[in-house]
Amino acid sequence: MTRSILDEAHIHPAIRQKISDSNADIVREVQAAVAGSAIVVVGMGQNPFPRKARKILDSLGTPYQYLGYGSYLSKWRPRSALKMWTGWGTFPMIFVGGQLIGGATELQALVDSGEFAKLLKAPA
């Protein structure tokens, strides 16, 4: 499966750099965390699902890095850059071994199926 991404040839040259630079700092911050930590949870305040994901990981005794960006009314533009970068439209965004696995619901499904334990044992 490949997700559809607007080809650069269909973006006018005058705005390409603006698109590239838009909230690039937050994307770089998450990329660095994903490169440096086995598990990264990206979330936001007031949303119960990042809290649920953290609770699942805490109950398993699994260490993770948490990055929180604002709440429903703050930092929505930087969070939009993360959504565009990943193609995942909700929070949390959970990365295991550098791979986006989804959110809290997907994490719970992987834990329940035993797949999460296999991901932790897989070589990075």
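Taken over segment 31-43, residues that are crowded, with 20+ Cβ neighbours inside 10 Å and over 18 Å from residue 112 (Cα atoms) amount to 5.
For segment 88-104, the tally of residues that are touching a Ser or Thr at 6+ places or on another chain (Cβ under 9 Å) and touching a residue at least 40 places away in the same chain (Cβ under 8 Å) stands at 3. Evaluating residue 8 against the criteria (1) exposed (fewer than 15 other Cβ atoms within 10 Å of the Cβ); (2) within 26 Å of residue 109 (Cβ to Cβ) leaves one unmet condition, (2). Scanning segment 77-124 for residues that are assigned to a loop (DSSP other than H, G, I, E, B), β-branched (Val, Ile, Thr) and buried (at least 19 other Cβ atoms within 10 Å of the Cβ) yields nothing. Every test in (1) in contact with a strand residue (DSSP E or B) (Cβ under 7 Å, 6 or more places away or on another chain); (2) surrounded by 15 or more Cβ atoms within 10 Å (Cβ to Cβ) is passed by residue 46 save one, and that test is (2). For the residues 22, 74, the requirement of being exposed (fewer than 15 other Cβ atoms within 10 Å of the Cβ), hydroxyl-bearing (Ser, Thr, Tyr) and over 16 Å from residue 99 (Cα atoms) singles out 74.
Read-outs throughout are calculated quantities, based only on the coordinates presented, and are distinct from any laboratory measurement. Only a predicted model underlies this, so the values are computations on that prediction, with no experimental measurement involved. When we count neighbours, we look across all protein chains shown, and the Cβ atoms used for this are built from the backbone with ideal geometry, even at glycine.
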